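The values are calculated or read from the model by the stated rules, or taken from the named source; none is laboratory data. No experiment lies behind these values; they were computed from the predicted model shown. Glycine also receives a Cβ, built like all others from the backbone with ideal geometry; neighbour counts cover every protein chain displayed.
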Amino acid sequence: MFTLQEIKDAHSKVKSGSDFPKYVKEIKELGMNYYDFFVADGHAKYVHNNGEFIESPAIYEVKKISSISDTILLKHIIKIHQNGETDFMTFCQQSADAGVVLWRTDVTNMKVIYLNDKNEEMVVEVVPS
């Protein structure tokens, strides 16, 4: 089973969006199945292939999540973030404004799924390999 420190060490190597695929591959090697990042407070739940999980603490004050899901806005938010036009905290706030409750990084299938408050998929992105 992996530790929060191992995840943190792997994540510390991510300097831009182009580093993200390497990060996903590294945490996959640790045995991770997926992780959920909760936009409201920035905590995450990391799930191992064997079903065990660990959770990280909140990283910021609670944000209000819009009850209106705006997929078109979210696609724009993702695009500008991947282009390096926003920092992570801005991305989180903009995601909340677009109605994202959490995003799931599916390490096994190499995709990121953005979900609203009804647990509906808003956007699904393939992580380049």
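It is to be established whether one or more residues within region 57-69 are of a type in the set (A, V, I, L, M, F, W, C), surrounded by 12 or more Cβ atoms within 10 Å (Cβ to Cβ), more than 24 Å from Glu26 (Cα to Cα) and in contact with a strand residue (DSSP E or B) (Cβ under 9 Å, 6 or more places away or on another chain). For region 57-69, residues of a type in the set (A, V, I, L, M, F, W, C), surrounded by 12 or more Cβ atoms within 10 Å (Cβ to Cβ), more than 24 Å from Glu26 (Cα to Cα) and in contact with a strand residue (DSSP E or B) (Cβ under 9 Å, 6 or more places away or on another chain): absent. Evaluating Glu85 against the criteria (1) surrounded by 13 or more Cβ atoms within 10 Å (Cβ to Cβ); (2) charged (D, E, K, R); (3) part of a loop (DSSP other than H, G, I, E, B); (4) out of contact with any Asp or Glu (no Cβ under 8 Å at 6 or more places or on another chain) leaves one unmet condition, (1). Condition test on Ile65, is it in contact (Cβ under 8 Å) with a residue 12 or more places away in the chain and in contact with an Asp or Glu (Cβ under 7 Å, 6 or more places away or on another chain)? So Ile65 fits the description; yes. Residues in region 37-54 that are assigned to a strand (DSSP E or B) and either loosely packed, with under 13 Cβ neighbours inside 10 Å or aliphatic (A, V, I, L, M) (or both): 3 in all.
Per-residue answers, yes or no, for (1) modelled with pLDDT under 95; (2) closer than 14 Å to Asp36 by Cβ:
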residue	(1), (2)
Ile78	yes, no
Gln94	no, no
Val100	no, yes
Thr105	no, yes
Asn109	no, no
Asn119	no, yes
Val123	no, no
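Selection of first residues in region 1-21 that are closer than 15 Å to Phe88 by Cα and free of Cβ contacts under 8 Å to residues at least 40 places away in the same chain and of second residues that are part of a helix (DSSP H, G or I) and of a type in the set (Asp, Glu), restricted to Cβ pairs under 8 Å at least 6 apart or on distinct chains, gives the following pairs, ordered by first then second residue: Lys13/Asp19; Lys13/Glu26. Taking the criterion of being farther than 18 Å from Ser18 by Cα and among the charged types (D, E, K, R), the residues of region 79-129 that qualify are Asp97, Arg104, Asp117, Lys118, Glu120, Glu121.
One line per residue, one yes/no per condition, for (1) farther than 14 Å from Val127 by Cβ; (2) of a type in the set (Ser, Thr, Tyr):
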site: Gln5; (1), (2): yes, no
site: Val14; (1), (2): no, no
site: Asp19; (1), (2): no, no
site: Val24; (1), (2): no, no
site: Ile27; (1), (2): no, no
site: Val39; (1), (2): yes, no
site: Phe53; (1), (2): yes, no
site: Tyr60; (1), (2): yes, yes
site: Lys64; (1), (2): yes, no
